[in-house]
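Q: Below are the structure tokens for one structure; questions will follow.
The values are calculated or read from the model by the stated rules, or taken from the named source; none is laboratory data. Computed from a predicted model, the values in this text were never measured in an experiment. Cβ sites come from the backbone with ideal geometry, for glycine too, and all protein chains shown count toward neighbours. Heavy atoms of the whole protein, side chains included, go into the accessibility calculation; ligands, DNA and RNA do not. Shrake-Rupley method; radii C 1.70, N 1.55, O 1.52, S 1.80 Å.
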Amino acid sequence: MTTSIRRWVETDTGHRVPNHKSKCKHFHGHRYRWEAEVEGDVVTESGTSEEGMLIDFSDISKILNEHIHDIVDHAFVVYELDDVAKNALSEMGDEHRTVLVPFIPTAENLAKWAYEQVSPHIKTAYGNSLRLAAFHVRETPKSWATWRP
Ligand SMILES: [Zn+2]
């Protein structure tokens, strides 16, 4: 028996899928939703701030802001072997926020990336079991991807 909770942040982030057969190869962006799914057992230590919780929602929010939002919001995520995109964005100089990643930035791959960004920071001070169970990325209102190791 486990309990799970979810918390998300949103970002405005650009990308392209360089080999795509259709319009996804063009520079464009999405209002991404980055949703962490945390599971474990609730804190039972009497009188603590987290009693009855897995982890404080605001603590997850802080982690998502620091390790997802502040990296990819108003940025372009670019595959490191996508030389066309890298060259085009380099024309804009150091002021442009380009995030190079070692994978094609599809929702599927971004979900795995986000999981790895966030997972090490999901911790508890109370000895209850707690882990990042999955990471969900919404690219459009009709399109989600999940990474669940
Ligand atoms: Zn897209």
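Q: Given the structure, is SER90 small (Gly, Ala, Ser), more than 16 Å from the ligand (Cβ to nearest atom) and farther than 24 Å from HIS15 by Cβ? Please lay out each step first, then the result.
A: On the way: small (Gly, Ala, Ser): yes; more than 16 Å from the ligand (Cβ to nearest atom): yes; farther than 24 Å from HIS15 by Cβ: no.
Judged against the criteria, SER90 is not a match.
Matching residues to (1) more than 16 Å from the ligand (Cβ to nearest atom); (2) outside any loop (DSSP other than H, G, I, E, B):
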position: VAL17; (1), (2): no, no
position: GLY29; (1), (2): no, yes
position: GLU35; (1), (2): yes, yes
position: GLY47; (1), (2): yes, no
position: MET53; (1), (2): yes, no
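Q: Quickly run through region 22-44 and pick out the residues that are in contact with a Gly (Cβ under 9 Å, 6 or more places away or on another chain), surrounded by 14 or more Cβ atoms within 10 Å (Cβ to Cβ) and more than 24 Å from GLU116 (Cβ to Cβ).
A: Step one: of region 22-44, the residues in contact with a Gly (Cβ under 9 Å, 6 or more places away or on another chain) are 27-30, 42-44.
Pick out the ones that are also surrounded by 14 or more Cβ atoms within 10 Å (Cβ to Cβ) and you get 29-30, 42-43.
Listed by number, the residues that qualify are VAL42, VAL43.
Q: Just the residues that are open to solvent by 30 Å² or more (accessible area, probe 1.4 Å) and over 30 Å from GLU45 (Cβ atoms), please, taken from region 117-139. Write out each step before concluding.
A: If we filter region 117-139 for residues that are open to solvent by 30 Å² or more (accessible area, probe 1.4 Å), which is where we start, we get 117, 119-121, 123-127, 129-131, 138-139.
ARG138, GLU139, listed by residue number.
Q: Is it true that ALA145 is part of a loop (DSSP other than H, G, I, E, B) and either over 19 Å from LYS62 (Cα atoms) or more than 16 Å from the ligand (Cβ to nearest atom) (or both)?
A: Numbers: part of a loop (DSSP other than H, G, I, E, B): no; either over 19 Å from LYS62 (Cα atoms) or more than 16 Å from the ligand (Cβ to nearest atom) (or both): yes.
In short, no.
Q: Would you point out which residue out of ILE60, ILE55, ILE68 is modelled with pLDDT of 95 or more, open to solvent by less than 30 Å² (accessible area, probe 1.4 Å) and over 16 Å from the mean Cα position of the chain (by Cα)? Let's see the steps before the verdict.
A: Values: ILE60 fails: over 16 Å from the mean Cα position of the chain (by Cα); ILE68 fails: over 16 Å from the mean Cα position of the chain (by Cα).
Result of the check over ILE60, ILE55, ILE68: ILE55.
Q: Answer with yes or no whether ASN109 is open to solvent by 50 Å² or more (accessible area, probe 1.4 Å) and in contact with a strand residue (DSSP E or B) (Cβ under 8 Å, 6 or more places away or on another chain).
A: Numbers: open to solvent by 50 Å² or more (accessible area, probe 1.4 Å): yes; in contact with a strand residue (DSSP E or B) (Cβ under 8 Å, 6 or more places away or on another chain): yes.
Criteria met by ASN109.
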